[in-house]
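The values are calculated or read from the model by the stated rules, or taken from the named source; none is laboratory data. All values derive from a computational prediction rather than experimental measurement. Cβ placement follows ideal geometry from the backbone for every residue including glycine, while neighbour counts extend to all protein chains displayed. These accessible areas exclude ligands, DNA and RNA; they are computed on the full protein's heavy atoms, side chains included. Shrake-Rupley method; radii C 1.70, N 1.55, O 1.52, S 1.80 Å.
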4 protein chains.
Amino acid sequence: MVKVGIAGGSGYGGLELLNILLRHPQVQITWISSQQHAGKNPGDVYPNLRGFLNLNFSSVETLPASELEVLFLALPHGHAMKIAPALPGELLVIDLSGDFRVSDPAVFQQYYGIPLTCPEEQKGFVYGLTEINRARIRSARRVANPGCFATATILALYPLYQEGWIDGPVYVDSKTGSSGAGNAPAAGTHHPRRSNSLFPYKPFAHQHLPEILQLLDRPENPLVFQTYSAPLVRGIFASHYMRLHKAHLPQEICSLYQAYYGSEFFIRWVPDYPDVNFVRHSNFVDIGAASKDDHLIVWSTLDNLQKGAAGQAVQNMNVMCGFPEQTALDTAPTHP
Amino acid sequence: MVKVGIAGGSGYGGLELLNILLRHPQVQITWISSQQHAGKNPGDVYPNLRGFLNLNFSSVETLPASELEVLFLALPHGHAMKIAPALPGELLVIDLSGDFRVSDPAVFQQYYGIPLTCPEEQKGFVYGLTEINRARIRSARRVANPGCFATATILALYPLYQEGWIDGPVYVDSKTGSSGAGNAPAAGTHHPRRSNSLFPYKPFAHQHLPEILQLLDRPENPLVFQTYSAPLVRGIFASHYMRLHKAHLPQEICSLYQAYYGSEFFIRWVPDYPDVNFVRHSNFVDIGAASKDDHLIVWSTLDNLQKGAAGQAVQNMNVMCGFPEQTALDTAPTHP
Amino acid sequence: MVKVGIAGGSGYGGLELLNILLRHPQVQITWISSQQHAGKNPGDVYPNLRGFLNLNFSSVETLPASELEVLFLALPHGHAMKIAPALPGELLVIDLSGDFRVSDPAVFQQYYGIPLTCPEEQKGFVYGLTEINRARIRSARRVANPGCFATATILALYPLYQEGWIDGPVYVDSKTGSSGAGNAPAAGTHHPRRSNSLFPYKPFAHQHLPEILQLLDRPENPLVFQTYSAPLVRGIFASHYMRLHKAHLPQEICSLYQAYYGSEFFIRWVPDYPDVNFVRHSNFVDIGAASKDDHLIVWSTLDNLQKGAAGQAVQNMNVMCGFPEQTALDTAPTHP
Amino acid sequence: MVKVGIAGGSGYGGLELLNILLRHPQVQITWISSQQHAGKNPGDVYPNLRGFLNLNFSSVETLPASELEVLFLALPHGHAMKIAPALPGELLVIDLSGDFRVSDPAVFQQYYGIPLTCPEEQKGFVYGLTEINRARIRSARRVANPGCFATATILALYPLYQEGWIDGPVYVDSKTGSSGAGNAPAAGTHHPRRSNSLFPYKPFAHQHLPEILQLLDRPENPLVFQTYSAPLVRGIFASHYMRLHKAHLPQEICSLYQAYYGSEFFIRWVPDYPDVNFVRHSNFVDIGAASKDDHLIVWSTLDNLQKGAAGQAVQNMNVMCGFPEQTALDTAPTHP
């Protein structure tokens, strides 16, 4: 049994990590932290976990780094960079925040509004988009877990960028559920405001954009990236609009994606259209497309707390620890 | 044109007052206050009102009492009692908070957790349940506008209490939408938490209970009152369970309510069952019932921001000012 | 008082017409039809209208054309074309369906899947996008009321197309609430399926596309139009992505829209971002934009049953009858 | 591996059975039926299951009874009674419909509106409320799986009825999510109608009442049972109001429930208040209470498709097959 700790266990990312790791047969959760709820049992904070965990939240200062084998950092942006440099080199660290995703400190500061205080430390982190970076993740001791929007868009566009099919810009219209904003009540997630609403935010400035551009960097294919708040709780639905150098048959498009993802358990090619409904509470990404002449629309959808955060973090842990990659993640999405 | 002011115009009660009064042909809104948004236009705070009001929020300290004819107080509990005693006697004041609804200061303190600092002032207030107290409201200069739950339950039970039909206790199971909690984000109205949820709160201790008991006070019919948070935005749906001294035909029950409310515009007897859906954005209360043997269930539903707050406040203003009672309130509920 | 009839009064479009016309001071509703509910009062079908209308649904065959001055056709696609040719020439007819919006019968058949049986009749219809076609509507006796998606996209793009600012294709990502699908239960509007969902439909084939292209027809600016089902009840939120021939300052973009719409009551330029929340239950269209370099995103939002259907229909009636254009439509949007 | 079949696999009950059984290590699903979708893969009907099951729906007529060890019947009411009599005696049969829950055929007909065609067969069925009837279920070959409302109310009231604590009637106000109505679109589950709604149905006549009364039958404690449609997808929240013979301390009430359920994995006593949110996608029932003087309110909440249907059915299968009772059901509820 691998000994696992979670710093920031009372946010939605931490909660989802607990929920997944509780059913992981090769893992023992031995330390969890929460500044706000130190001393409480997770079941007191999230009653769904009542009775499931005989372990209370500690303060993050008590981190028993030498007694852990894997540490998940599920803290707000800006905190992991304070903790990571002092961690033992042999500890496996998976950071769910944005702190170590962006390699250029100037770009980081531009999008996150704070400086990256340990750029050298950042160099030790592998970007944890498992299906793209699996080999590097396997031997990594530090993984920067991708953002939810970034995972949806990179996986949707990667084959097209790799093969150079796209002619000109790509427009990304990506809609998220309210759980992506975290568990702290705020104006944009106030129920009377968020129910029955739909509104854009952070045009041209969303902090997931730089990590996308690190992987999808082609000057001839600029990426316009726009996020929206939708009145659902879980889920990212990303739409990608573009022109191709030439028209392709649906069959050819499908074949392209099969060539890249055909052996991937967590990526499903959808013959009709994806729907947030059918990936919920799972680590799956459903991808589909429609085309006419040289116009192409690619859709991807995922659960922002699973493949968009905690699910992919556990997937990465499985890869790093040599466990079967689907361990604790192989259940079907739930519906309704 | 009557000159009207609203203290606390940026809460949901104040917002709804603005929305209603903007279509009132005999009223001019000349002063609105908001501590949080002083200096801003209502349309900057609530973009639905963009372009509708050429008047900015002031600080409540600027209250031009002598220049107003009607003043609505739509402040959080505890604030009206600080303002009311200094107001000119001839000003018509309608308070939407709970401050002046409860005549016994000890009971007020028990349920509201704060002392009533001006019990003498309270004696000058008439309880503004229009259909029950219309005559007294007509000549009043101070009205304590009822709570949303109280309005739903008093109107549902009043004929039965008045006629002494009930044998033993009455159980009230009342469900509310999230807008009833106001416009300040909080844990219970966080979208990921409130969507798809259902949970009780304040058992035996809800602050609307004492104002109900003031009107429905029969020792032989104790009232058990329980409130629930439901995942809707607007609406109160109240269920009332009881036993009658004898079985009554549906026709007799209907006749009882017709006798009390048959001439009331805003109270509709519903032959099948009420639904929150069909009173939304209106000042209507729909009431219906089902019975078997001597068991009776009475249901009432209303829009908590209209008949449960601002709508009834304007209804009371109409009565106090001698306007037709339905002015600005005669539109049909909206659906879907 | 103008005598008005509504064919198809029990669909959501007809229901919204009733709700609006009930508060119209210059109109008397004298005939309403519903095949499914003939003989019933609207209040029996839609309990929100209980008590508001002393008139029952008739069968559409009873249409008293000679006794009406205005007739709204709110029937499913394919029905208006059967009725319209026999109507008296002097009757003012406003059709809310798609039957008469598309001038090319071949295009109509391609998108609607049925033939246009009366192409000559179609020529008599003016396309009822009030702000664009006001002058022609004023003298029209037949108006084809626009589709909800079409209204949102045409108004958002019209100034840009007129001025020739756009370089290359425009991508439209438009999200709709469930009421747009009508009041007949179906798989895509089943509550367990639609709640918390997000999914695309009809790629490259939505029937509102041809009416958009009739007004926004520039071969150098092809339009890719994609619709989505979002888990809200009312509202269209349309996103438009494009490149401009050159970069424009936000101020210039705002000025362009002010030049076109500055005097329009129902079109509001929004300095930050529009939100479905703030146009609900109103005839307003809120438009806003964001730009970076030569990339531009324009957003428009409206209530699909108001400006997207019944509201615009009444706006058109007001224009045709010489009433003030805002009559019965001048109330503020509701929130929350 | 036990060979399992599911008749009616394309309803929500069948879908949830598939989802649970797919993670059951001692079970192999070898036959599934759907009249509507015969020939299709479950993943074509419910895309969340895409890739999970290499088995297509058959017509129910193909039932290979002799090749199965366990058969779940997840058909609409009235169908199981046609199939059950011909099934081999040694086959373990778990019926999720109401057909075999009610022992008195006259009562069955009164509440279900159809006759029970095989009353002798019914006598062979054990009522599958696991925590109450575990011993009898262990040796049963036929189990009638309880209704969702019945499970919530029986578990909430059983200790009180057993101990005779209640004085007079019990009022049950039980709210359900839309998935309880099944996967066929209908007026009451139409998204524009069901969102933001709350309405009662079937007063004094809900078909779950007779199975409740079979277990909670005390003439001095009549039960008034009222169901409501709430705008959530999954979940039952049941409120139970009553008077006790004498006042009990909260501690005593807790102790009573601990005495009955303290060793039950799936029943959790909740010190504050239950919430539908915290049992979702799990087989748990959360129970809590509030009291004042001799008045008691007991709340229970469960997921209607899990403990209210498929979860309890698998729990019963585990008991019947001698598997650990929590197998495939031991995951934590999901939130948010």
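What the table shows:
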read-out: Restricting region B:272-283 to residues that are more than 17 Å from the chain's Cα centre (by Cα) and either away from chain D (no Cβ under 13 Å) or at pLDDT 95 or above (or both), the residue that is nearest to C:P336 (Cα to Cα); value: B:N277
read-out: Residue count, region B:285-332 (criterion: surrounded by fewer than 24 Cβ atoms within 10 Å (Cβ to Cβ), in a loop (DSSP other than H, G, I, E, B) and within 12 Å of chain D (Cβ to nearest Cβ)); value: 2
read-out: Filter result for A:V102 (more than 14 Å from chain B (Cβ to nearest Cβ), in a strand (DSSP E or B) and not acidic (D, E)); value: no
read-out: Matching residues in region C:14-50 - criterion: being among the hydroxyl-bearing types (S, T, Y) and in contact with a Leu (Cβ under 6 Å, 6 or more places away or on another chain); value: C:Y46
read-out: Residue list for region A:48-83, restricted to those being in contact with a Lys or Arg (Cβ under 8 Å, 6 or more places away or on another chain) and within 14 Å of chain D (Cβ to nearest Cβ); value: A:N48, A:R50, A:G51
read-out: Flag for B:R136 being open to solvent by 50 Å² or more (accessible area, probe 1.4 Å), under 30 Å from D:I236 (Cβ atoms) and in a helix (DSSP H, G or I); value: no
read-out: Filtered residues of region C:103-162 (kept if β-branched (V, I, T), touching a helix residue (DSSP H, G or I) at 6+ places or on another chain (Cβ under 6 Å) and closer than 23 Å to C:P222 by Cβ); value: C:V107, C:T151, C:T153, C:I154
read-out: Residue count for region B:139-154, restricted to those that are crowded, with 21+ Cβ neighbours inside 10 Å and not in a helix (DSSP H, G or I); value: 7
read-out: Of all residues in region A:1-47 being open to solvent by 10 Å² or more (accessible area, probe 1.4 Å) and free of Cβ contacts under 8 Å to residues at least 12 places away in the same chain, the one that is farthest from the other protein chains (Cβ to nearest Cβ); value: A:D44
read-out: Meets criteria (at positive phi and open to solvent by 50 Å² or more (accessible area, probe 1.4 Å)) for C:G113; value: yes
read-out: Region B:166-202, residues that are within 11 Å of chain D (Cβ to nearest Cβ), free of Cβ contacts under 8 Å to residues at least 60 places away in the same chain, touching a strand residue (DSSP E or B) at 6+ places or on another chain (Cβ under 9 Å) and surrounded by 20 or more Cβ atoms within 10 Å (Cβ to Cβ); value: B:S178, B:H190, B:H191, B:R194, B:S197, B:L198, B:F199, B:P200
read-out: Residue pairs meeting the criteria (Cβ under 7 Å; at least 6 apart or on separate chains; first without any contact (Cβ under 8 Å) to a residue 24 or more places away in the chain, in region C:273-292; second acidic (D, E) and open to solvent by 10 Å² or more (accessible area, probe 1.4 Å)); value: C:G288/C:D272
read-out: Residues of region B:262-271 satisfying the condition of being within 8 Å of another protein chain (Cβ to nearest Cβ) and open to solvent by 10 Å² or more (accessible area, probe 1.4 Å); value: B:R268
read-out: One residue from A:S179, A:S139 being among the small types (G, A, S) and either outside the structural domain of A:P88 (by TED's automatic domain parsing) or within 26 Å of B:T189 (Cβ to Cβ) (or both); value: A:S179
read-out: Options C:L157, C:L129; residue that is of a type outside the set (D, E) and closer than 19 Å to C:S255 by Cα; value: C:L157
read-out: Qualifying residue in region A:319-336 (condition: assigned by TED's automatic domain parsing to the domain that holds A:E220 and of a type in the set (S, T, N, Q)); value: no
